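The values are calculated or read from the model by the stated rules, or taken from the named source; none is laboratory data. Bear in mind that the values here come from a model prediction, so they are computed numbers and not experimental data. Heads up, the Cβs are rebuilt from the backbone with ideal geometry, glycines too, and the neighbour counts pull from every protein chain shown. When the accessible area is computed, the model is the full protein with side chains, heavy atoms only, and any ligands, DNA or RNA have been set aside. Shrake-Rupley method; radii C 1.70, N 1.55, O 1.52, S 1.80 Å.
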Amino acid sequence: TRTRESLSTTLGTVVALTREVDDASLDDLEFALLASDIGAPTTNEIIGRLRDRALRQGIASGAELRELLKAEILRILTSVAKPVYAPSNPPEVVMMVGVNGTGKTTTSGKLAALYRREGRSVLLCAADTFRAAAIEQLEVWSQRSGVDLIKTKQGGDPSAALFDAASAAKARATEILLVDTAGRLHTKADLMKELDKMVRTSDKVVPGSPHQTLLVIDATTGQNGLQQARLFTEAAKVTGIVLTKLDGTAKGGIVVAIAHELGLPVRYVGIGEKIEDIIEFDPVAFTESLLG
Amino acid sequence: MFEALSDKLQRSFKNLRGQGTLTDENINDALREIRVALLESDVNLDVARDIIEHIRAKALGSTVATALSPAEQIVKIVRDELMEVLGKDTARFKFASQPPTVILMAGLQGSGKTTTTGKLAAWLKKGGHRPLLVSVDVYRPAAREQLKVVASTVGVQIYEGKLSETTGTADVLRLAKEAFREARNFANDVLIVDTAGRLGIDQALMDEMAQLKKELNPSEILFVADAMTGQDAVNSAKAFNDLLQITGAVLTKMDGDSRGGAALSIRKITGQPIKFLGTGEKPDAFEPFHPDRIVSRILGMGDIATLLERA
Ligand SMILES: Nc1nc2c(ncn2[C@@H]2O[C@H](COP(=O)(O)OP(=O)(O)OP(=O)(O)O)[C@@H](O)[C@H]2O)c(=O)[nH]1
Ligand SMILES: Nc1nc2c(ncn2[C@@H]2O[C@H](COP(=O)(O)OP(=O)(O)OP(=O)(O)O)[C@@H](O)[C@H]2O)c(=O)[nH]1
Ligand SMILES: [Mg+2]
Ligand SMILES: [Mg+2]
């Protein structure tokens with residue numbers, strides 16, 4: 001029986017047992033991370049760190065391991081968080097960018113309503129002059145949120161629309177200007193150049209703007225999200241992420257890889273199609289749901 | 001930026017020079033590389049595992065009667081396996097015996113349904129058909145205006161209809177019914193129905209989709225999916241397929257640099273073929289699906305052609 005074994009044997013058994021338990025649970029955790037789109041490189045690194053700690057500290061249970069994993073992910077997500085820089089003089093220009101169909105226009109509308117509810121003055125700019133009925137779509141959001149919209153005609157120059165909107169915001173001393181841009185794949189050099197031109201236009205009218213450039217990423221996005229974040233940051237200096245469609249079954253784990261590899265924080269989360277379906281990013285709640 | 005899988009395989013076999021055969025030991029490294037490549041390409045975890053086991057079995061059972069090195073043999077086995085999963089031939093398009101043929105577009109929010117509706121219409125028109133379009137997306141702001149613009153861009157007819165005060169499923173079903181009648185009365189041989197984006201877990205909207213299917217008896221139910229989709233592709237594809245028995249899928253936004261591994265996940269989980277690829281925002285950026293394109297993205301461009309010459 002156990003009592004008759006030497007101390008060293010007992011310790012040996014405990015260590016061996018712990019390792020066994022840990023390996024099985026580590027595999028479980030690795031599976032959970034990969035299945036939520038965190039991606040192999042970031043997953044390997046997280047699991048590697050956990051394995052080290054497990055061996056050093058002799059973690060007793062899978063539950064404990066899970067808590068450590070949560071702490072690791074939380075550390076990645078919170079270490080990149082930065083306070084939002086607000087200019088001393090209005091307007092603060094916030095630009096929505098991203099690949100096609102992620103939720104830029106919807107997020108613009110939701111944010112307009114959110115800032116309005118907070119009592120700030122807001123202006124919307126329809127700078128997607130390309131996609132069919134994109135302007136009409138933002139017009140509906142402008143009505144819903146009770147926020148004015150500056151637009152140009154379909155097929156017009158998006159930089160011209162932005163110039164008008166930024167000038168108007170400046171003249172009216174509007175606190176926040178929200179700019180909805182057309183969806184574009186990060187691989188299209190000409191469209192990325194157009195974005196760069198918009199950034200420069202904004203800076204010309206309101207020096208130092210855009211103050212925030214939010215990359216809107218769909219929670220279902222797989223490993224391509226990293227490349228999106230990389231190239232949009234190159235072209236338009238992304239300052240943060242909006243993770244949309246988190247009300248679906250996708251976990252949005254790609255933002256962990258983006259935080260880890262590119263240092264970009266998540267700012268907002270989209271959780272539905274209605275005007276109030278946007279919340280500030282909560283790393284704890286996000287991590288909980290990531291691991292199920 | 002990614003090292004092509006075929007290069008990695010060459011590398012992992014380098015220290016095995018002289019070994020002409022594939023053994024249990026020397027393929028384990030390779031299988032690990034393949035697993036990573038599949039995951040990096042967004043192939044679902046379970047699907048990848050399944051594929052790996054097939055590849056292992058094939059690799060161990062393969063006889064070495066070709067001029068290929070072990071690495072090349074593996075690449076060829078992987079290629080063949082991926083081609084097999086995706087289905088070698090481009091899928092055929094089904095038409096109803098009694099016109100109009102109804103095509104129902106389905107999918108998550110923002111996947112590309114409305115754009116693809118226009119592309120499909122243009123493609124059918126070019127093939128001598130007279131499609132009629134209808135949008136039953138009564139929910140998203142300006143969704144119906146969007147399809148109207150798309151229809152006029154590609155020069156096909158649209159049934160607009162009118163919305164009631166309280167928009168909802170009743171309107172959706174009525175619009176669909178009216179459009180069907182319109183198509184029949186005005187000799188449009190195809191009716192394409194663009195629907196609102198919805199989540200597979202949205203009970204009410206999924207139920208609406210089932211009712212639409214019952215009402216329209218469509219010949220084709222196309223699941224429109226974004227090529228950048230990750231692991232979740234199996235969940236949404238399964239939800240739509242379980243409810244609607246889709247007849248195929250369209251993979252959009254293939255003009256980017258995503259690897260499109262979702263195609264394998266969707267194909268495996270639904271058993272239905274990928275029928276078309278969307279390759280841009282314009283109406284003509286649309287092509288029938290050929291598996292080589294995705295397979296070569298996962299393996300690394302150019303390898304396949306070279307290999308085929310030598311095999
Ligand atoms: N379920 C859900 N749907 C969302 C969310 N955010 C946006 N959507 C839907 O996603 C679809 C695309 O949203 P848009 O706002 O048009 O996306 P976009 O990025 O402006 O698209 P483009 O301008 O075409 O590139 C619409 O059907 C929205 O209703 C969200 O948080 N949850
Ligand atoms: N680059 C590229 N963009 C595409 C492709 N297909 C669609 N898009 C774009 O993706 C965005 C969404 O397309 P939609 O057709 O509005 O998508 P949807 O599924 O109808 O969206 P909802 O109705 O809101 O659910 C738009 O910006 C389209 O221009 C494609 O093959 N390539
Ligand atoms: Mg938009
Ligand atoms: Mg649509």
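Whenever a residue of segment A:127-138 is assigned to a helix (DSSP H, G or I), its partners that are open to solvent by 20 Å² or more (accessible area, probe 1.4 Å), lying with C-beta atoms within less than 7 angstrom and at least six residues away or across chains, give the pairs A:135/A:151; A:135/A:154; A:136/B:145; A:138/A:149. For segment B:160-184, the tally of residues that are within 14 Å of residue B:134 (Cβ to Cβ) and outside any loop (DSSP other than H, G, I, E, B) stands at 14. Within segment B:150-159, restricting attention to residues that are out of contact with any Pro (no Cβ under 9 Å at 6 or more places or on another chain) and more than 10 Å from chain A (Cβ to nearest Cβ), the residue that is surrounded by the fewest Cβ atoms within 10 Å (Cβ to Cβ) is B:155. Taken over segment B:239-264, residues that are within 10 Å of chain A (Cβ to nearest Cβ) and either closer than 23 Å to residue A:246 by Cβ or open to solvent by 10 Å² or more (accessible area, probe 1.4 Å) (or both) amount to 10. Candidates A:257, A:250, A:219: the one that is over 19 Å from residue A:278 (Cα atoms) and out of contact with any Phe, Trp or Tyr (no Cβ under 9 Å at 6 or more places or on another chain) is A:257.
Selection within segment A:67-117: residues that are within 16 Å of ligand 2 (Cβ to nearest atom) and hydroxyl-bearing (Ser, Thr, Tyr). The member of this set that is nearest to residue A:57 (Cα to Cα) is A:102. Checked against (1) crowded, with 22+ Cβ neighbours inside 10 Å; (2) away from ligand 4 (no atom under 16 Å from the Cβ), residue B:87 passes all but a single condition, namely (1). Exactly one residue among A:185, A:191 is within 14 Å of ligand 1 (Cβ to nearest atom), open to solvent by less than 10 Å² (accessible area, probe 1.4 Å), of a type in the set (A, V, I, L, M, F, W, C) and over 15 Å from residue A:211 (Cβ atoms), and that residue is A:185.
Counting only helices (runs of 4 or more DSSP H) wholly contained in segment B:37-149, the ones carrying 3 or more residues that are within 14 Å of another protein chain (Cβ to nearest Cβ) and more than 19 Å from residue B:264 (Cα to Cα) occupy B:113-126.
So how many residues does segment B:181-206 have that are under 22 Å from residue B:122 (Cα atoms) and either crowded, with 21+ Cβ neighbours inside 10 Å or within 16 Å of ligand 1 (Cβ to nearest atom) (or both)?
From segment B:181-206, those under 22 Å from residue B:122 (Cα atoms) are B:181-197; that's our starting set.
Right, trim to either crowded, with 21+ Cβ neighbours inside 10 Å or within 16 Å of ligand 1 (Cβ to nearest atom) (or both) and you get B:183, B:188, B:190-197.
Number of matching residues: 10.
Condition first: out of contact with any Ser or Thr (no Cβ under 8 Å at 6 or more places or on another chain), under 22 Å from residue B:142 (Cβ atoms) and surrounded by fewer than 17 Cβ atoms within 10 Å (Cβ to Cβ). Now tell me which residues in segment A:141-182 satisfy that. Matches in segment A:141-182: A:143, A:144, A:146.
Residues considered: A:102, A:174. Of these, the only one that is in contact (Cβ under 8 Å) with a residue 60 or more places away in the chain, more than 14 Å from chain B (Cβ to nearest Cβ), in a loop (DSSP other than H, G, I, E, B) and of a type in the set (Val, Ile, Thr) is A:174.
Just to be sure, is residue A:134 closer than 30 Å to residue A:274 by Cβ, within 14 Å of another protein chain (Cβ to nearest Cβ) and buried (at least 21 other Cβ atoms within 10 Å of the Cβ)?
Details: closer than 30 Å to residue A:274 by Cβ: yes; within 14 Å of another protein chain (Cβ to nearest Cβ): yes; buried (at least 21 other Cβ atoms within 10 Å of the Cβ): yes.
Here the answer is yes, as residue A:134 does meet what is asked.
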